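Note sheet for the following structure.
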Amino acid sequence: MLGGVYLLETPSGSACALTNLFTKASPTAMSHLEFDTLAVRAGVERSHFNEHSEALYLTSSFVFSSAAQAAARFAGEDEGMVYSRYTNPTVKMFEDRLAALEGAECCVATASGMAAIMGCVLGLLKAGDHIVASRSLFGATVQLLKNLLGRFGVETTFVSLTDTQQWRDALRPNTRLFFVETPSNPLTEIADIAELARIAHAADALLAVDNCFCTPALQRPLALGADVVTHSATKYLDGQGRVLGGAVLGSDKLVRAPLTTFLRTGGATLSPFNAWVVLKGLETLRLRMEAHCAGALQLAHWLEAHPAVERVYYPGLASHPQHELALRQQRLGGGVVSFVVRGGREAAWRVLDSTRLLSITANLGDAKSTITHPASTTHGRIAPEVRLETGVTEGLLRVAVGLEALSDLQEDLRQGLES
Ligand SMILES: *Cc1c(COP(=O)(O)O)cnc(C)c1O
């Protein structure tokens, strides 16, 4: 039996001698398929066993049928797999499926969301280049741009997410990249992706969007004019808080060679196991995102009507200052709701400490709802006056709504709000 397998493996001389309805077809051949179909079917590469569910290829390297084939693979003249640092069938299935969902020509998976952002900058920029980025980025992204990449001669100017004039004013002759995350965390401010793309392109710069909060189920930045999308697959793409992963997407010309080189020589590779987990996560992405959004919207309405709550931040609410822009560019409001409780830090901590169901953790994009006090955790290292200026007040709480029954979540929060 095993001998048979070995014999079957190499007759064509290619590890890619697998039938593939989607990735082997031209992009136009799959463009008529709906999002839901692509989420389940795109990228599938079956082995000769014809397994129905996608296979998990836990192997570090791949065998060549001859010296000539080995040479061709290493020279990039033969498309097959070489070594899992930069080629693996399970990882490729995840890449091809996510590319189909984002409407991208190319997707390169990375070890984590931070590796994706690092790869985006190292792959596309060089020392002496300048970045303009929104001030309200994920904390580690700010550290990466400011402290780490700053030491290697890539300078970043941080500006307001919503004030496009600040992006124009920050432009320099060497500005090469705009980097933005929308909606922002924790205040759910919305960046106008199409407008930022216009400003960037007029200056010969690229626009990269971290699409972690919306996922392609809600927002497709490339269709709005962005050049690059980055993902933390750790969040909603997995959706169950199990593994770390990331991805960079864009046109073939822009992304494939630089990001493959980044992986091949930098080594920030997504493990096949993690790729398999997030690949299967993509199958239920839209259903989950809609459930997260429906719960978040209901919770936002309920909080807005609660006397102990001073203010609610949620793009799906009519009271959100950018409600119209939000719904023009993303299908639903997202799964994250932030709100300010009356009574400052003491009252906010009381809500946290009264919860029995919501998990006190800064993660998000999980089936389990989470609650955070940003001022003392994710934003704790920011100077208090800067924090206040940007709206991260002592009474602010952030809830990433999971998939539990909303009535139970409300009851859990009610205890703290009414104590
Ligand atoms: C979590 C997160 C990241 C980093 O992703 P990791 O997978 O944890 O490295 C980047 N951007 C946003 C918006 C995130 O929420």
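The values are calculated or read from the model by the stated rules, or taken from the named source; none is laboratory data. From a predicted model like this one, the values you see are computed outputs, not experimental measurements. Cβ placement follows ideal geometry from the backbone for every residue including glycine, while neighbour counts extend to all protein chains displayed. Areas reflect the complete protein model, heavy atoms only, side chains present, ligands, DNA and RNA absent. Shrake-Rupley method; radii C 1.70, N 1.55, O 1.52, S 1.80 Å.
Some observations on this one:
- Volume per residue of the C-alpha convex hull in region 244-334, rounded to whole Å³: 159
- Residue-span extension gain [ALA68 to ASN50] - 0.36 nm each, minus C-alpha spacing: 3.6 nm
- Geometric extent, Cα atoms of the chain - Rg, Dmax (angstrom): 22.5, 74
- For the chain, the per residue solvent-accessible surface stands at 43 Å², with DNA, RNA and ligands left out and a 1.4 Å probe.
- Once the Cβ-Cβ distance of ALA305 and GLN415 is raised to the sixth power relative to R0 = 22 Å, the FRET efficiency obtained is 0.80.
- Extension gain (nm, one decimal) between ALA405 and LYS368, 0.36 nm per residue minus Cα-Cα: 12.3 nm
- The Rg/Rh ratio for region 55-282 is 0.99, where Rg is the radius of gyration of the alpha carbons and Rh is the Kirkwood radius.
- Loop sites in region 186-254: trypsin sites (Lys or Arg not before Pro), DSSP, at most 16 other Cβ within 10 Å: ARG242
- Estimated translational diffusion coefficient (Stokes-Einstein, Kirkwood radius over Cα pairs, 20 °C, 1.002 mPa s) of region 49-174: 120 µm² per second.
- Calculated FRET value between ALA202 and GLU79, using beta carbons and R₀ = 51 Å, to 0.05: 0.85
- Packing, as the average of other Cβ atoms within 10 Å across residues, places the peptides 49-59, 127-137, 97-107, 181-191 in the order 181-191, 97-107, 127-137, 49-59, highest first.
- Here region 272-419 is treated as a sphere whose radius is the Kirkwood value from Cα pairs; by Stokes-Einstein at 10 °C and 1.306 mPa s it diffuses with a coefficient of 99 µm²/s.
- Two-site FRET efficiency, GLU385 against SER251, from Cβ-Cβ distance with R₀ of 30 Å, rounded to 0.05: 0.10
- The chain: angle of helix 113-124 to the longest principal axis, Cα-based, in degrees nearest 10: 70
- Each of LEU270, GLN322, THR393 was scored by the projection of its Cα onto the charge dipole of the chain, and the greatest displacement toward the positive side belongs to LEU270; charges sit on the C-beta of Lys, Arg, Asp and Glu.
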